[in-house]
Amino acid sequence: MIDAPPPAYAGPQRVFSGMQPTNGLHLGNYLGALQKFVALQTKYECIYCVVDLHAITAGPDPNELAAKTREVAAAYIAAGVDPARSIIFVQSAVREHSELAWVFNCIARMGWLERMTQFKDKAGKHTERMSVGLFDYPVLQAADILLYKATHVPVGEDQKQHLELSRDIAQKFNNDYQAPGFFPLPEPLIQGPGARIMSLREGAKKMSKSDPSDMTRINLTDDTDAIMNKIKKATTDPLPLPESQEGLAGRAEVENLVGIYAAMSERSIDAVLREFGGKGFGVFKPALAELLAAKLAPIAAEMRRLNADPGALDAILRDGAERARAIAAPIMAEVRGRVGFWEA
Ligand code: TYM
């Protein structure tokens, strides 16, 4: 007889995602994640976290961490996450994240983590000098998601492998503790042209906060002049824009700019090429820069306004932490029971 498959997770659908409070957010963070955070609010219960426990894997300045944490929260709100509807909170304020990460440390296998390309990229040849926390980063990420039994996770493409690991951990927990369907296998939401925004200078490198050159990225706080200048100097080639997607093959920088235009205007690549195909960059670049400036300026202005009142941001984050804890604590209590911890 063939065994029936274990019952699938049957709980509520819930969105969870997070961003690290390191060095300000850029267009990749916005198009890969934040824009989706906003859109998903109308369909799902959403929980958005500022992941300061993850940030300390990169050893940021303790004098700046709290301010950078508030800045990311301000960016969420300025971009359109509504703190009355969605939960916005700071990871370290809900202690259960660390607690569940420990349980998951005893579920995840060394071999699974050794395959993580992001760790290999960050560590280079110096793995023995990296913190254990950096190696363990994706296990904490799995704990973030599963502490809320989140079913959907909006992220950029660079997080695909970490999401696969979260699914493997959920599955192994469910198997090891004979708890079929206890944790959902979270689905990454990665679709769309914004999922992989590349450097403005090199089409093979992703846009990143750690790139030493500021000309490679658009920061959410860049003013119109900076945006115009960066797009003007972005790498392209002498050919006009192609009429169809096939014409983007082998033109990574051009593909990236067209993708940015499509994601920012919430249109398809085909629609953008129908408008600009056959035209030169003398026409396309100013249109792209204007679009970016028009969309980002109000967000930057709102971020400045919110950052000027840290007390108001703190009140939002305190309320968010309370609401997050109200979901997390009973799930963690159930995990403790499943694992068999002593209970008074
Ligand atoms: P972080 O802060 O590095 O990135 C935040 C989000 O931005 C996306 N992203 C990009 N998307 C498109 N193009 C780019 N060039 C680009 N650069 C960054 C990332 O994919 C991410 O969605 N590990 C997570 C933080 C995290 C998390 C979580 C996410 C911790 N726990 C739980 C989801 C669920 C990260 O990459 O953060």
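Worth a mention:
- With the charge dipole of region 13-125 set up from +1 on Lys and Arg Cβ and -1 on Asp and Glu Cβ about the Cα centre, the Cα lying farthest toward the positive end among the listed residues 62, 47, 110 is that of 110.
- Gain in span if fully extended, residue 315 to residue 229, counting 0.36 nm per residue against the direct Cα distance: 27.2 nm
- Only Cα sites of the chain enter the Debye sum here, all with the same form factor; the resulting log10 I(q)/I(0) across q = 0.14 1/Å is -1.17, listed in q order.
- Exposed chymotrypsin sites (Phe, Trp or Tyr not before Pro) absent - longest run of the chain, DSSP non-H/G/I/E/B, at most 14 other C-beta within 10 Å: 1-340
- Probing with 1.4 Å while keeping every protein chain in the model, the per residue accessible area of region 68-154 equals 42 Å².
- Dipole check for the chain: with +1 at the C-beta of Lys and Arg, -1 at the C-beta of Asp and Glu, and the Cα centre as origin, the magnitude is about 200 Debye.
- Fraction of accessible area attributable to carbon and sulfur, the chain (%, probe 1.4 Å): 54
- With 5 Å bins beginning at zero, the pair-distance distribution over Cα atoms of region 265-332 amounts to 3, 13, 12, 13, 9, 9, 10, 10, 10, 7, 4, 1 %.
- If the convex hull is drawn through the Cα atoms of region 16-148, its volume per residue in Å³: 120
- Alpha-carbon spread of region 75-204, three principal axes, descending order, Å: 49, 46, 27
- Positive-pole candidate from 296, 337, 316, dipole of region 206-344, charges at beta carbon: 337
- Two-decimal log10 I(q)/I(0) for region 65-116, as the Debye equation yields it once each C-alpha is a single scatterer, q = 0.21, 0.30 Å⁻¹: -0.83, -1.09
- Hits among aspartates and glutamates - C-alpha to C-alpha of residue 120 under 18 Å, sequence gap 8 or more where chains match: 128, 136, 157, 158, 164, 211
- Candidates 17, 265, 210, ranked by Gaussian network fluctuation over the chain, Cα under 10 Å, top entry: 210
- With N counted as the residues of region 180-249, its alpha-carbon radius of gyration over 2.2 N^0.38 Å works out to 1.55.
- Rounded to 5, the percent of DSSP beta bridges in the chain classed as antiparallel: 10
- Taking 19 Å as the straight-line reach from the Cα of residue 233, the lysines in range (excluding those fewer than 8 positions away in the same chain) are 205, 206, 209, 279, 285.
- Choice from 80, 311, 133 with maximal GNM fluctuation in the chain (Cα, 10 Å cutoff): 311
- Using distinct alpha-carbon pairs, which all enter the 1/r mean, Kirkwood radius of region 205-334 in Å: 17.5
- Cβ charges +1 (Lys, Arg) and -1 (Asp, Glu), total dipole of region 48-188, debye: 160
- Within the chain, the selection of entire DSSP H helices by a Cα span of 15 Å or greater along the long axis and an average Kyte-Doolittle value of at least 0.0 returns 65-79, 132-146, 252-265, 281-307, 310-339.
- Selected from 256, 9, 140, residue furthest toward positive end of dipole (the chain; charges at beta carbon): 256
The values are calculated or read from the model by the stated rules, or taken from the named source; none is laboratory data. Worth saying up front: this structure is predicted, and the values here are computed from it rather than measured. Please note: Cβ atoms are built from the backbone with ideal geometry, for glycine as well, and neighbour counts cover all protein chains shown. These area figures cover heavy atoms from the full protein model, side chains too; ligands, DNA and RNA do not enter into them. Shrake-Rupley method; radii C 1.70, N 1.55, O 1.52, S 1.80 Å.
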